[in-house]
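Accompanying notes for the structure given below.
The values are calculated or read from the model by the stated rules, or taken from the named source; none is laboratory data. For clarity, every value in this text was computed on a predicted model and none was experimentally measured. Note that we place each Cβ from the backbone using ideal geometry, even for glycine, and neighbour counts take in every protein chain shown.
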Amino acid sequence: MSKYVRPVGHPIITERGSRHTATSSTVYADYAPCYVNSGTAALQLAIQIAVRCAIEDDSNTSLKVPSEAEVIVPAYGCPDLITACVGAKVKPVLVDSCDPRSPFPGFKQIAEAISPKTVAVIAANFLGKSPELDKAQWQALRTRGARHIIEDRAQAFPFSSEEQSFFGDTVVASFGKGKPVSLLGGGMLLINRQYHHLCDFSQYNPRAVSTLERLKIEAKIAAYNLVITPAVYAQLLKVPGLNIGATSYKPPLPIVPLDQARLSWLPANAYRLENNFELRALIERLLRIVSFNYKLSLIGSSQDELYEARRMLRFPVLAESKAHRDDLLKRFHKAGIGTSAMYGKALPDMADVPLSDEVRKADFSNARSFADRLFTLPCHEDVTDETVKAIEDVLA
């Protein structure tokens, strides 16, 4: 094939001008940003702050050292969730999804997993959709012992215009490859003002870069912007052994500050995404196509409020079965359309993720069903009218 529409990702702007400053998407009122080397590092820092908060709490007599701390994690999610727990030296407690159509644990599942050693709950946004709990329910979980809520928005950039809807004590963002606002590296942790004293912000002042290093980063981004074009991406897929887009567990790395070059490009890339009205129109079209197909369903248990943001990293769909999903993936690939099964498995079924046999044998039937049936459609600027028609034909 001469062209192939990639599964995810936007071109990256390397623009350092100040024209986006006045309407910046990254200036927050009640949260202070801390910029680090990756989204996983930001999540690890959030967990460390949660541990410090728990130890500081005089009423907590059961938690003596960080290694005894537990963090509640969704059973369906990126293996980087476990990487961050390992880096922070805490025990991840996996919780099943509330429904086979959802990647999110519900109130009941989280409440039952809380123990005296719980220091935090990781509430992971999935491709632009937030967990299906409201602020009152998150507060109720805090009173039950979930002291710290970490809102993981690695897959949905936390725009300052949405700050009133944040429910986390800390909020994580990622600037990695394929993320909503990508800088080919980096992450951000937003820390609510009541926890500022638990983070030494001076350790994470943006790192200065030489002219040569900046040019190298710009060259890497220019190469990325070229590679993701449909014509070049099609050729890249022919290279054996690349395994593009595969997700696997990676050991934690030290937390270091983000470089000043990437940070200077953040406002322009965030502004571009926040004001991408063409993307919202595309998602509306995909929503109509999927909604009229009786063999497919949208994700989540609250169907009436699905896909409300119209600002998705990918467009998630559930097939009837794993066999149905796998057949669709093959047909999309043949049509030159980059769809994906995302992680492909629930966390306890990923062989390289460091979890005990006891955890792997536990009942995570909802998360496993979700993983077996999920696939995603691309939604970015290279999805043309012709692409949408091809998607419609495959799903017909």
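Quick one: in segment 2-32, of everything that is in contact with a helix residue (DSSP H, G or I) (Cβ under 6 Å, 6 or more places away or on another chain) and modelled with pLDDT under 75, which residue is surrounded by the most Cβ atoms within 10 Å (Cβ to Cβ)?
This residue is 25.
If you take the residues in segment 33-52 that are over 18 Å from the mean Cα position of the chain (by Cα) and not β-branched (Val, Ile, Thr), which one is modelled with the lowest pLDDT? Break it down stepwise before answering.
Of the residues in segment 33-52, the ones over 18 Å from the mean Cα position of the chain (by Cα) are 48-52.
Right, trim to not β-branched (Val, Ile, Thr) and you get 48, 50, 52.
Working: 48: 96, 50: 96, 52: 92.
Applying the filter and picking the extreme gives 52.
Within segment 155-179, how many residues are of a type outside the set (Phe, Trp, Tyr), touching a Lys or Arg at 6+ places or on another chain (Cβ under 8 Å) and over 15 Å from residue 33 (Cβ atoms)?
2
Looking only at segment 239-263, count every residue that is among the small types (Gly, Ala, Ser), surrounded by fewer than 12 Cβ atoms within 10 Å (Cβ to Cβ) and either at positive phi or at pLDDT 95 or above (or both) and tell me the total.
Counting residues in segment 239-263 that are among the small types (Gly, Ala, Ser), surrounded by fewer than 12 Cβ atoms within 10 Å (Cβ to Cβ) and either at positive phi or at pLDDT 95 or above (or both) gives 1.
For segment 148-173, enumerate the residues that are of a type outside the set (A, V, I, L, M), crowded, with 24+ Cβ neighbours inside 10 Å, within 20 Å of residue 268 (Cβ to Cβ) and in contact (Cβ under 8 Å) with a residue 60 or more places away in the chain.
157
Would segment 174-185 turn up any residue that is farther than 30 Å from residue 216 by Cβ and either surrounded by 15 or more Cβ atoms within 10 Å (Cβ to Cβ) or out of contact with any Asp or Glu (no Cβ under 7 Å at 6 or more places or on another chain) (or both)?
Restricting attention to segment 174-185, the residues satisfying the condition of being farther than 30 Å from residue 216 by Cβ are none.
No; the residues of segment 174-185 include none that is farther than 30 Å from residue 216 by Cβ and either surrounded by 15 or more Cβ atoms within 10 Å (Cβ to Cβ) or out of contact with any Asp or Glu (no Cβ under 7 Å at 6 or more places or on another chain) (or both).
Return the total of residues in segment 124-146 being touching a strand residue (DSSP E or B) at 6+ places or on another chain (Cβ under 6 Å) and over 30 Å from residue 9 (Cα atoms). Please lay out each step first, then the result.
If we filter segment 124-146 for residues that are touching a strand residue (DSSP E or B) at 6+ places or on another chain (Cβ under 6 Å), which is where we start, we get 124, 127, 131, 138, 145-146.
Retained after the next criterion (residues that are over 30 Å from residue 9 (Cα atoms)): 138, 145-146.
Qualifying residue count for the region: 3.
If the requirement is being surrounded by fewer than 14 Cβ atoms within 10 Å (Cβ to Cβ) and touching a residue at least 12 places away in the same chain (Cβ under 8 Å), which of these qualifies: 357, 385, 352, 372? Reasoning before the result, please.
Values: 357 fails: touching a residue at least 12 places away in the same chain (Cβ under 8 Å); 385 fails: touching a residue at least 12 places away in the same chain (Cβ under 8 Å); 372 fails: surrounded by fewer than 14 Cβ atoms within 10 Å (Cβ to Cβ).
Only one candidate passes the filter, namely 352.
In this structure, is residue 388 part of a helix (DSSP H, G or I), β-branched (Val, Ile, Thr) and modelled with pLDDT of 95 or more? Before the answer, list the steps.
Details: part of a helix (DSSP H, G or I): yes; β-branched (Val, Ile, Thr): yes; modelled with pLDDT of 95 or more: yes.
Against the criterion (part of a helix (DSSP H, G or I), β-branched (Val, Ile, Thr) and modelled with pLDDT of 95 or more), residue 388 qualifies.
Looking at segment 177-190, which of its residues are small (Gly, Ala, Ser), out of contact with any helix residue (DSSP H, G or I) (no Cβ under 6 Å at 6 or more places or on another chain) and over 20 Å from residue 275 (Cα atoms)? So that I can check it myself, show each step before the final result.
Residues of segment 177-190 that are small (Gly, Ala, Ser), as a first pass: 178, 182, 185-187.
Then keep just the ones that are out of contact with any helix residue (DSSP H, G or I) (no Cβ under 6 Å at 6 or more places or on another chain); that gives 178, 182, 185.
Across segment 177-190, the qualifying residue is only 185.
In the list 87, 145, which residue meets the criterion of being surrounded by fewer than 19 Cβ atoms within 10 Å (Cβ to Cβ) and either out of contact with any Asp or Glu (no Cβ under 6 Å at 6 or more places or on another chain) or in a helix (DSSP H, G or I) (or both)?
Values: 87 fails: surrounded by fewer than 19 Cβ atoms within 10 Å (Cβ to Cβ).
Sole residue among the options that is surrounded by fewer than 19 Cβ atoms within 10 Å (Cβ to Cβ) and either out of contact with any Asp or Glu (no Cβ under 6 Å at 6 or more places or on another chain) or in a helix (DSSP H, G or I) (or both): 145.
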